[in-house]
Amino acid sequence: MELWIAILLDILAASLVVLPLIFGIIRGFKRQLLTVISLAVSGAAAFACASFLAAPIYNNYFKAGVTDACIKVAENIDPVQYASELLAEEGISISEEVLRQKLSESGDAVAEAKKIAEENGLDEEKAKELSKRFSDKYTEAAPKEIRSAVPKVMQKMEDIDIDENQVVDLLNSATASPREGGEYIEEHFVRKTAVKVLETAVFAVVFLFVQLLMLLIFFIMGFEIRAHACGAGDRFGGFVLGLVIGAGNLVVLCILASYIEKASLGLFEITELPSKVFLPIFQFLF
């Protein structure tokens with residue numbers, strides 16, 4: 001598999017450089033200049049649209065559904081349920097409604113769990129041990145549950161880091177209600193990755209659309225899109241611009257290959273491919 005991927009990338013890399021050179025020599029400077037302008041305008045428009053549109057698209061069309069899914073995750077790791085189970089093991093019975101109110105109002109659920117245990121007859125050492133078990137259990141369960149809920153492809157495209165402070169903040173948010181816990185998960189662990197995926201999709205769609213639009217504009221303005229070179233100087237100019245286009249193509253190919261590698265779930269690693277053309281270029285650029 002890696003051999004075929006390497007061969008494909010080598011062919012693409014060579015083609016994306018050689019073809020613009022050939023077309024530059026055939027079409028000449030003027031036609032290649034139109035291609036460079038088209039690529040530059042398409043790239044700039046796609047980048048701008050991806051930056052400005054991805055977040056609004058997510059907020060208007062995806063956030064509600066994602067938040068609902070995150071609420072279900074928060075329900076699976078409800079800290080009030082954890083605390084209730086640990087207190088019950090020590091013979092302390094307290095309703096989840098009352099326990100939720102006390103934990104959420106305290107601002108520090110772990111410390112409050114220790115206080116409740118002491119108020120209900122546990123000595124300080126056992127109450128401290130209970131609060132530690134409560135904290136350790138949630139700290140272990142929360143990251144696993146969040147990662148299991150986020151598609152692996154998204155995790156590959158954008159690393160989801162969950163540090164200890166965020167787990168503590170999530171614990172304190174989720175004690176108020178699963179909704180608050182779900183909103184915290186959506187805002188701090190899912191939103192960034194989802195917007196990044198949408199940025200990639202918007203960039204690709206806008207880039208292709210503007211390319212087609214530029215061709216239409218050139219046609220309306222009367223430029224000869226199929227024009228051929230008119231002399232050695234024109235061919236040389238086309239050749240130089242072909243080099244510029246080829247270099248740009250290689251950068252785009254490397255970026256796309258990097259995203260595909262992350263989304264392949266370990267199917268291949270670019271640095272391990274037996275590539276003779278693409279890999280040296282990728283290592284030079286990245």
**Study point:** Potential lengthening between GLU129 and GLU187 on full extension [0.36 nm per residue; Cα-Cα distance subtracted]
**Key:** 17.7 nm
Exercise for review: Compute the signed sum of charges (Lys and Arg +1, Asp and Glu -1) over the other residues within less than 14 Å, Cβ to Cβ, of LEU9.
Suggested key: -4
Practice item. May I ask for the net charge around VAL66, where only other residues with Cβ less than 9 Å from the Cβ of VAL66 are counted and Lys, Arg are +1 while Asp, Glu are -1? Key: 0
Practice item. Provide GLU129, GLU96 in ascending order of the number of other Cβ atoms located within 10 Å of each residue's Cβ, fewest first. Key: GLU96, GLU129
Point to revise | Computed lengthening from LYS276 to LEU212, 0.36 nm per intervening residue step minus Cα-Cα distance | key: 19.7 nm
Study note, to complete from the structure: Applying the span-like rule to the chain (DSSP H, Cα extent along axis at least 24 Å, Kyte-Doolittle mean at least 1.0) gives 2-27, 29-57, 191-220, 232-263
Review point. Using a Förster distance of 30 Å, how high is the FRET efficiency between GLU119 and GLN81, based on the Cβ-Cβ distance and rounded to 0.05?
Key: 0.90
Exercise for review: State the extension gain, in nm to one decimal, for the chain segment bounded by ALA201 and LYS72, taking 0.36 nm per residue of separation less the distance between their alpha-carbons.
Suggested key: 43.7 nm
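A short reminder: the numbers here are calculations on the coordinates, not readings from a lab. This structure is a prediction, so every number in the text was calculated from the model and none was measured. Note that we place each Cβ from the backbone using ideal geometry, even for glycine, and neighbour counts take in every protein chain shown.
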